[in-house]
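Working notes, structure below.
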Amino acid sequence: MADTTVQRASGRGIWGWMFFDWAAQPFFTVVTTFIFGPYFVSRLTSDPAVGQAVWGYGLAAAGFVIAILSPVLGSIADQTGPRKPWIAFFAAIKIASLCTLWFAAPGSNLWFVVLAFSLASVAAEFSTVFNDSMMPRLVPKAEIGRISNVAWGLGYLGGMIALIFVVALLAGSSQTGKTIIGATPLFGLDPAQGEDARATGPLAALWYFVFILPMFFWTPDAAKGMPVGPAVREGLAELKVTLGEVRKRAGIFRFLVARMIYQDGVNALLSLGGAFAAAMFGWSITEIGIFGIILNVVAIFGCWYAARLDTRLGSKAVVVVSLVLLAVATVGIVSTGPGYTLFGLLEFSTVSSGGLFGTAAEKAYIVYGLLIGVAFGPVQASSRSYMARSVTPEESGRYFGIYALAGRATSFAAPFLVATVTALSGSPRLGMAVIILFLGAGLWILVGTPYPADRQRG
């Protein structure tokens, strides 16, 4: 692959692009992982195992759609040129779907709620494909790892602020009706009806709408290409060529296979980890929210430090270390129960000291959560920069479409297996253990992958 000289965008243009992560992250933080997801599992169903299974199947369905369509859309985008119209289109779908979650009251049809969430997830991922494909045009390759990790850290900061807002001002105790700061929930939200959790949908929608505007106003876009009709035909033809081409680019192919496997595990861990803790310890929205805040604080510093390491050591080293930490954390999580950790090697009293995370087992869970917080941002940000350093700006759309395919091609597999093992065994812990296999297999393949991925073995 020939190097392409990239004219560095203005500081305002780069910040506009990075603000996309700030805008997008609250959906994953307050809806998918820490507030709405656990609410779905623990409140909308009488059996948490059933809730985890249905939620897992919803994630699997969304992942399947994303896997099929992402590379198609990426190839079409390369032909049409500008990415912003595509981002705007999928933003509208995401915002509308998130607002629908307000109607997910206890007793609601589970599959209707899952459909709305899945549509939001699909639209969020497609928007990310087009946003990521803009990155190689903004800065030279030497800076890609830094801005990718800083943007990801900025995203976690946004997610943390949104989460703090929910926990402090919206999430009321089922016993007292007050928030953690002793305030009455804003807007008269009724915790008994799950309105504090349901409000996270419209909140994430409003946040996304407001904060993607700097990207639209400031960030330069690709030049206009062919009309949509011919672009679709040309894009589909190019996709066929790309799929054949990528098999001949051995390093890129190996990287994509590795990411396909480990990202599946990462997605499942992030999507189901909060719900797993809620079911095991009976955590309230407040406790889950505090857990999420802790993870996001650690994630911010993890990403910003990884930005320096990515520049110094390279994206591959950051991804490898992050995967090791995530695997260790997952083993810790599945080995922890109400009175023990490490599969019973360490036993604890089940008596609570009172207050948040009152038992020793809950505190152990927090420790494992810190490892996740350190690693889950860098593993994704540096994977993104790994890919950006391995392709030219001209081919970025179609290759980031393939990159999204790699991140989602089997993304239904981990949630599906977690859901299926949970349903068959009746054990959420055994279901979560499946994630370790995905992290380990992806790591094994990545270790033998060149860096950058287009580098020829010498």
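Residues that are more than 16 Å from the chain's Cα centre (by Cα) and farther than 24 Å from Leu69 by Cα within the stretch 127-149 comprise Leu138, Val139, Pro140, Lys141, Ala142, Glu143, Ile144, Gly145, Arg146, Ile147, listed in sequence order.
Starting from residues that are more than 13 Å from Thr32 (Cα to Cα) and at pLDDT 85 or above, keep the ones in the stretch 108-117 and report whichever is surrounded by the fewest Cβ atoms within 10 Å (Cβ to Cβ).
Taking the stretch 108-117 and keeping what is more than 13 Å from Thr32 (Cα to Cα), we get 108-112, 115.
Pick out the ones that are also at pLDDT 85 or above and you get 112, 115.
Details: Phe112: 12, Leu115: 16.
This residue is Phe112.
Kindly establish whether Asp196 is among the acidic types (Asp, Glu), touching a residue at least 12 places away in the same chain (Cβ under 8 Å), touching a Pro at 6+ places or on another chain (Cβ under 9 Å) and surrounded by fewer than 20 Cβ atoms within 10 Å (Cβ to Cβ). It is false that Asp196 is among the acidic types (Asp, Glu), touching a residue at least 12 places away in the same chain (Cβ under 8 Å), touching a Pro at 6+ places or on another chain (Cβ under 9 Å) and surrounded by fewer than 20 Cβ atoms within 10 Å (Cβ to Cβ).
To keep it simple, each residue is scored yes or no on (1) over 27 Å from Gln193 (Cβ atoms); (2) in contact (Cβ under 8 Å) with a residue 40 or more places away in the chain; (3) out of contact with any Lys or Arg (no Cβ under 6 Å at 6 or more places or on another chain).
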site	(1), (2), (3)
Ile261	yes, yes, yes
Met280	no, yes, yes
Gly292	no, yes, yes
Ser315	yes, yes, yes
Leu346	yes, no, yes
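Listed here are the helices (runs of 4 or more DSSP H) enclosed by the stretch 386-458 that have at least 1 residues being at pLDDT 80 or above: 413-425, 428-432, 434-447. Among the residues making up the stretch 334-359, those that are modelled with pLDDT of 70 or more and within 12 Å of Phe281 (Cβ to Cβ) are Thr336, Pro338, Gly339, Thr359.
Taking into account only those residues within the stretch 162-177 that are at negative phi and touching a Pro at 6+ places or on another chain (Cβ under 8 Å), which is modelled with the highest pLDDT? So the residue we want is Ala162. Scanning the stretch 360-378 for residues that are of a type in the set (A, V, I, L, M) and modelled with pLDDT of 80 or more turns up Ala364, Ile366, Val367, Leu370, Leu371, Ile372, Val374, Ala375.
Determine, yes or no, whether Gly159 is within 20 Å of Ala388 (Cβ to Cβ), surrounded by 24 or more Cβ atoms within 10 Å (Cβ to Cβ) and not aromatic (Phe, Trp, Tyr). Before the answer, list the steps.
On the way: within 20 Å of Ala388 (Cβ to Cβ): no; surrounded by 24 or more Cβ atoms within 10 Å (Cβ to Cβ): yes; not aromatic (Phe, Trp, Tyr): yes.
So Gly159 fails the test.
If the condition is being modelled with pLDDT of 80 or more, more than 27 Å from Tyr403 (Cα to Cα) and either out of contact with any helix residue (DSSP H, G or I) (no Cβ under 8 Å at 6 or more places or on another chain) or surrounded by 15 or more Cβ atoms within 10 Å (Cβ to Cβ) (or both), then the stretch 73-107 contributes Cys99, Thr100, Leu101, Trp102, Ala104.
Just one of the numbered conditions (1) part of a helix (DSSP H, G or I); (2) among the hydrophobic types (A, V, I, L, M, F, W, C); (3) surrounded by fewer than 18 Cβ atoms within 10 Å (Cβ to Cβ) is not true of Ile181: (1).
Results for (1) assigned to a helix (DSSP H, G or I); (2) at pLDDT 70 or above; (3) touching a Gly at 6+ places or on another chain (Cβ under 6 Å), shown as yes or no for each residue.
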| position | (1), (2), (3) |
| --- | --- |
| Ala205 | yes, yes, no |
| Ala223 | no, no, yes |
| Val232 | yes, no, no |
| Gly235 | yes, no, no |
| Asp264 | yes, yes, no |
| Leu270 | yes, yes, no |
| Gly273 | yes, yes, no |
| Phe276 | yes, yes, no |
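The values are calculated or read from the model by the stated rules, or taken from the named source; none is laboratory data. As the structure is a prediction and not an experimental result, all values here were calculated from the model. Here the Cβ is made from the backbone with ideal geometry for all residues, glycine too, and neighbour counts use every protein chain on show.
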